[in-house]
Amino acid sequence: MEQSILELHPGLVWGFGIIVVIMLMLDLGIFNKKSHVVTNKEATVWTIVWISLAMVFSGVVYYVFNQDTGGHDLAIEKFTQFQAAYWIEKALSVDNLFVFILVFGYFKVPRELHHKVLFWGILGALVFRAIFIFAGVGIINVTYLPIFELFGKPVEINVVLTLFGLFLVYAGIKSWGGGDDDEEQDFANSAGAKLVKKLYKVSDNYDKDKFFTIQNGIKVATPLLVVVAVIEFTDVLFAVDSIPAIFAISKDPFILYTSNIFAILGLRSLYFLLSNFIHMFSKLPYGLAIILTFIGIKMIISPWYHIPSPVSLGIVGGVLVLSVILSLMFPDKKEEGEI
């Protein structure tokens with residue numbers, strides 16, 4: 001059985017946790033203590049910081065495994081697993097940005113409050129992603145069928161991975177060029193909004209950056225809390241695609257969780273960087289559909305043929321770069337000037 005970095009080097013778990021906590025405290029407690037409109041310059045700096053941290057951490061993963069008995073080959077495999085899982089999550093999370101923009105527009109959230117909403121949404125994602133990933137790995141480990149011979153070759157099929165693969169192929173085909181349906185969505189009736197409204201009475205107006213306010217002597221929730229709940233439930237729905245996708249890359253829960261969280265943490269700054277220019281990436285949904293389909297096929301054929309992580313990383317990266325280049329070369333005329 002493949003040993004995880006969690007089993008081999010538990011100190012890295014604490015190191016990862018400390019880094020994340022410190023960065024979140026710096027982000028909200030010092031650099032963004034007061035709600036304000038995040039500039040492109042600030043968003044660019046934070047995007048570079050989070051991507052750099054992820055790249056440095058992947059280097060640490062390589063270094064640690066290179067010191068173990070597996071040597072260079074295992075270190076390269078773990079390094080590319082982290083990189084592939086990170087960029088797959090990053091790519092699929094970009095799809096969230098389209099919905100975030102629609103949610104903020106629907107609820108008319110002041111721009112200076114966007115950062116706070118995304119911050120609290122990401123804190124929730126830290127918890128839910130841990131549950132999904134560690135529970136998923138546990139389920140996968142107990143759903144292998146007995147080994148049998150097929151065409152003279154021993155085959156070990158995993159029921160959950162096969163179902164995930166079929167689902168991702170379906171999701172990829174269905175989402176080809178997608179995103180149009182979200183524009184008509186009534187976010188006020190989404191699960192997150194309904195939950196908040198069931199628990200609290202909600203005021204009609206925002207009260208600066210407060211989640212609760214006093215109205216006629218009664219404590220009520222503000223629309224800002226509703227927006228956070230909608231964003232949180234939206235992220236959970238998107239995780240239905242992204243979490244199964246990274247299981248095609250590795251079964252190491254620590255590799256999967258750290259790469260996933262680094263991608264999610266950087267998503268907030270990327271939102272502010274791309275929110276005014278996201279219409280320029282009109283071909284990206286097609287690229288994401290191809291990536292989902294490829295990962296699904298990889299999972300389905302894995303009992304017969306293993307696609308190495310470096311190859312997966314190259315394909316995912318190539319599709320992303322190509323979709324961005326094609327978006328810039330052939331912009332969608334209908335979306336020019338929007339947002």
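The values are calculated or read from the model by the stated rules, or taken from the named source; none is laboratory data. Computed from a predicted model, the values in this text were never measured in an experiment. Cβ sites come from the backbone with ideal geometry, for glycine too, and all protein chains shown count toward neighbours. Please note that ligands, DNA and RNA were not included when accessible areas were found on the heavy atoms of the full protein model with its side chains. Shrake-Rupley method; radii C 1.70, N 1.55, O 1.52, S 1.80 Å.
Observations, loosely collected:
- For segment 86-98, the criterion of being under 30 Å from D207 (Cβ atoms), touching a helix residue (DSSP H, G or I) at 6+ places or on another chain (Cβ under 7 Å), in a helix (DSSP H, G or I) and aliphatic (A, V, I, L, M) is met by at least one residue.
- Selection from segment 45-104 of residues that are open to solvent by less than 50 Å² (accessible area, probe 1.4 Å) and hydroxyl-bearing (S, T, Y): T47, S58, T80, Y86, S93
- Filtered residues of segment 69-89 (kept if polar (S, T, N, Q) and closer than 11 Å to A263 by Cα): Q83
- Close Cβ contacts (under 8 Å, 6 or more residues apart or on different chains) running from residues in segment 15-27 that are surrounded by 12 or more Cβ atoms within 10 Å (Cβ to Cβ) to residues that are of a type in the set (S, T, Y) comprise F16/T258.
- Checked against (1) of a type outside the set (S, T, N, Q); (2) at pLDDT 90 or above; (3) surrounded by 15 or more Cβ atoms within 10 Å (Cβ to Cβ), L322 meets all criteria but (3).
- Whenever a residue of segment 136-153 is modelled with pLDDT of 90 or more, its partners that are assigned to a helix (DSSP H, G or I) and of a type outside the set (A, V, I, L, M, F, W, C), lying with C-beta atoms within less than 8 angstrom and at least six residues away or across chains, give the pairs G136/P244.
- Number of the condition not met by S309 [criteria: (1) under 17 Å from the mean Cα position of the chain (by Cα); (2) open to solvent by less than 10 Å² (accessible area, probe 1.4 Å); (3) within 25 Å of V13 (Cα to Cα)]: (1)
- When the residues of segment 33-77 are filtered to those that are in contact (Cβ under 8 Å) with a residue 12 or more places away in the chain and of a type in the set (D, E), the one that is farthest from L12 (Cα to Cα) is E42.
- All conditions in (1) part of a helix (DSSP H, G or I); (2) open to solvent by less than 10 Å² (accessible area, probe 1.4 Å); (3) of a type in the set (S, T, Y); (4) within 21 Å of V137 (Cα to Cα) hold for S327, with the sole exception of (4).
- Taking segment 263-287 as the range and being more than 14 Å from I246 (Cα to Cα) and of a type in the set (A, V, I, L, M, F, W, C) as the test, the residues that pass are L265, L267, L270, F272, L273, L274, F277, I278, M280, F281, L284.
- Matching residues in segment 154-169 - criterion: being open to solvent by 80 Å² or more (accessible area, probe 1.4 Å) and at pLDDT 90 or above: L163, L166
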